[in-house]
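The values are calculated or read from the model by the stated rules, or taken from the named source; none is laboratory data. On a predicted model such as this, the values are computed, not experimentally measured, just so you know. Positions of Cβ are backbone-derived with ideal geometry, glycine not excepted, and every protein chain shown enters the neighbour counts.
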Amino acid sequence: MGRLMKNISFLFCWSVLVGFAVVTVLVLNVPPTLGQAKKALVDLNSASEKELEALPGVGAATAKKITANRPYKSVDELSKAGLSEKKIEALKPLVTVGAAPSAAKPETLAKPAPAGAAVTKAQPTGEKPPASAVKLASGQKVNINTASKEQLESVAGIGPAKAQAIIDGRPYQKTEDIMKVKGIRQEEFDKIKDLIFAGEPYHHEGPGPGPIPAHLSRIEGPWFVDCGGHRGKLEFYLAGNAWTGRIWFDDLRRWEELIDVFIDPHIGTVQFTRPISKQQYYGTLSGERIEGHFRAGREKRPWAAWRP
């Protein structure tokens with residue numbers, strides 16, 4: 001009897017040891033990612049500008065362009081915001097494309113406005129803007145002679161019907177001519193006059209892309225550049241409704257994609273940032289030359305560009 005009890009005790013201890021060993025092996029072989037939250041991807045259709053600025057190579061101006069060109073159906077559509085193919089490929093592992101934000105709930109709209117707040121006039125029937133309407137970047141204006149229907153709809157108060165009517169009424173010699181369009185009277189014009197301009201019409205018949213409009217050809221294309229004694233090349237190109245560019249320095253012997261490119265060819269304003277050095281460039285176009293300054297730390301240094 002005593003021997004039997006001894007055998008039973010031995011088997012029990014052995015079972016406990018085997019069970020402990022199995023549990024230890026399972027614990028040690030748990031994948032390191034188990035239970036860890038996967039880092040959330042940035043949604044191009046809903047992320048705030050601050051969240052977009054956290055992405056590598058995306059500055060404040062580029063973040064505004066990304067939000068202004070929403071919604072996106074794929075990451076490749078970032079080209080609408082002026083991003084290069086190389087930059088888009090670099091962002092693909094970090095971003096995603098979710099559903100476009102839905103329209104505001106009725107009960108939110110029904111809240112009483114604070115005292116002194118302006119009452120928003122209801123949109124006429126058939127002129128309700130889409131829920132996915134985008135906002136213009138700060139300082140950005142829409143050319144009523146060349147803008148697409150979607151770009152026209154980005155202007156507050158212009159829905160699909162009015163956008164098509166504006167396109168059908170082209171060309172316009174001056175901004176005020178838009179009041180010839182049915183439904184755009186003085187009251188509506190006063191609300192949008194600072195968001196639009198009547199630029200040179202881009203009309204071309206026949207095969208091929210046609211000539212570049214004069215106000216764009218002043219900027220678009222290659223330039224020679226001298227930045228504080230460092231010489232090289234500079235290029236600007238219009239991608240959709242946004243500008244993109246790159247810069248080359250002979251002593252570095254490499255191209256750098258520019259970010260935060262802002263250009264107004266009508267008044268000659270040129271601004272961009274070199275992402276590698278975080279240098280901000282400011283310039284003014286005069287004839288075939290751009291002159292300005294850039295920031296290197298706390299210093300301001302001169303730079304200039306001229307046509308080849």
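Could you pull out the residue among T24, T62 that is modelled with pLDDT of 50 or more, under 16 Å from T244 (Cβ atoms), of a type outside the set (A, V, I, L, M, F, W, C) and assigned to a helix (DSSP H, G or I)? If you could, list the steps in order and put the result at the bottom.
Values: T24 fails: under 16 Å from T244 (Cβ atoms).
Going through T24, T62 in turn, the sole match is T62.
Screening D251 on (1) surrounded by fewer than 14 Cβ atoms within 10 Å (Cβ to Cβ); (2) modelled with pLDDT of 90 or more; (3) under 16 Å from P308 (Cβ atoms) shows it passes everything except condition (3).
Residue-by-condition table, conditions (1) part of a loop (DSSP other than H, G, I, E, B); (2) at pLDDT 85 or above; (3) touching an Asp or Glu at 6+ places or on another chain (Cβ under 6 Å); (4) within 30 Å of S148 (Cβ to Cβ):
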site	(1), (2), (3), (4)
D226	no, yes, no, no
K233	no, yes, no, no
F236	no, yes, yes, yes
W243	no, no, no, yes
D260	no, yes, no, yes
H293	no, yes, no, no
W303	no, yes, no, no
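Can you find even one residue in the stretch 175-187 that is within 23 Å of the chain's Cα centre (by Cα) and free of Cβ contacts under 8 Å to residues at least 40 places away in the same chain? Checked the stretch 175-187: no residue is within 23 Å of the chain's Cα centre (by Cα) and free of Cβ contacts under 8 Å to residues at least 40 places away in the same chain. Checking every residue in the stretch 126-135 against the condition of being at pLDDT below 50, farther than 26 Å from T67 by Cα and among the aliphatic types (A, V, I, L, M) gives zero matches.
For the stretch 291-299, the count of residues that are crowded, with 17+ Cβ neighbours inside 10 Å, under 22 Å from K141 (Cα atoms), free of Cβ contacts under 8 Å to residues at least 60 places away in the same chain and over 20 Å from the mean Cα position of the chain (by Cα) is zero. Within the stretch 68-82, which residues are among the hydroxyl-bearing types (S, T, Y) and modelled with pLDDT under 85? If the condition is that a residue be among the hydroxyl-bearing types (S, T, Y) and modelled with pLDDT under 85, then S79 is the only one that fits.
If you go through the stretch 258-273 one residue at a time, do you hit one that is touching a strand residue (DSSP E or B) at 6+ places or on another chain (Cβ under 7 Å), among the charged types (D, E, K, R) and without any contact (Cβ under 8 Å) to a residue 40 or more places away in the chain? No, every residue in the stretch 258-273 fails to be touching a strand residue (DSSP E or B) at 6+ places or on another chain (Cβ under 7 Å), among the charged types (D, E, K, R) and without any contact (Cβ under 8 Å) to a residue 40 or more places away in the chain.
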